[in-house]
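Accompanying notes for the structure given below.
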Amino acid sequence: MKRETLAAEDAEDLQIISAKLQDAVSRVGDLVWLPKARRFAALFNRFKWENKRKSDNLRVRSGLYFNGVMSVKSHKIMRGDPDAVLSLLTIGFTPKGTEDPGGTVELIFAGGGTIKLVVEAVDAGLSDISGEWAALGRPEHETDS
């Protein structure tokens, strides 16, 4: 089993982490903002899309972090229910300006929930922290006809 460890220092790097985390699931209680440390961290059970054989439906526990986080806002996230499950669709980045490395990172979840992180610069990482296990199924998405 190969454990992934990735770092992101720009929007292009962040797209790779986003692809690895597509369809990852997490509990609301596994998402934390540490304002004094200016860090946002999350634990996800990510689907291992990188497996070559489609019959290998596997998940692995992964940790995601962002450093230099100045503020966090959420929309349509049940913050009062730490056991509520979220399914991550994608992570995007909108730069503040052409000269400024800062901007807004947006975690977009199924059902319309979002978490927006205002960051000084893209400084993120993703690491697998467990062994893999069999997933109950393969995530499916509707396609536009």
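Please treat every number below as a calculation from the coordinates, not as lab data. No experiment lies behind these values; they were computed from the predicted model shown. Cβ: placed from backbone, ideal geometry, glycine included. Neighbour counts: every protein chain shown.
Working note: Debye formula, equal point scatterers on the alpha-carbon atoms of the stretch 77-145, no solvent; log10 I(q)/I(0) at q = 0.25 Å⁻¹ is -1.17.
The calculated FRET efficiency for E99 paired with K73, based on their beta-carbon distance and R0 = 35 Å, is about 0.90. Based on Cα contacts under 8 Å between residues 6+ apart, the stretch 5-134 shows a relative contact order of 33 percent. Holding the Cα-Cα limit at 31 Å, pick out from K48/K116; K52/K76; K52/K73; K20/K116; K76/K96; K2/K73 the pairs that are longer than that. Result: K52/K76; K52/K73; K2/K73 exceed 31 Å. Electrostatic tally near T5: other residues with Cβ closer than 12 Å to its Cβ, Lys and Arg +1, Asp and Glu -1, net +1.
Using mean Cβ contacts within 10 Å as the protection proxy, how do 11-22, 89-100 order, highest first? Don't skip to the end; give the middle numbers.
Numbers: 11-22: 17.0, 89-100: 13.5.
Packing order, densest peptide first, comes out as 11-22, 89-100.
Around D23, with a cut-off of 12 angstrom between Cβ atoms, what is the net charge of the other residues, counting Lys and Arg +1 and Asp and Glu -1? Could you put the intermediate results ahead of the total?
On the way: positive: K20, R46, K48, R59, R138; negative: E140.
Surrounding charge for D23 is +4.
For the chain, what is the calculated [θ] at 222 nm in deg cm²/dmol (nearest 500), taking -39500 (n - 2.57) for each run of four or more DSSP H residues and dividing by its residue count? My calculation for the chain gives -2500 deg cm²/dmol from helical runs alone. Other residues within the sphere of radius under 12 Å centred on the Cβ of E106, judged by their own Cβ, net out at +2 (K and R +1, D and E -1).
What percentage of all Cα-Cα pairs in the stretch 5-134 are separated by more than 21 Å? It would help to have the intermediate numbers written out before the result.
Details: 3135 of 8385 pairs.
Taking all Cα-Cα pairs of the stretch 5-134, the fraction more than 21 Å apart is 37 percent.
For K36, the aspartates and glutamates whose Cα comes closer than 16 Å to its Cα, not counting residues fewer than 8 places off in the same chain, are E120.
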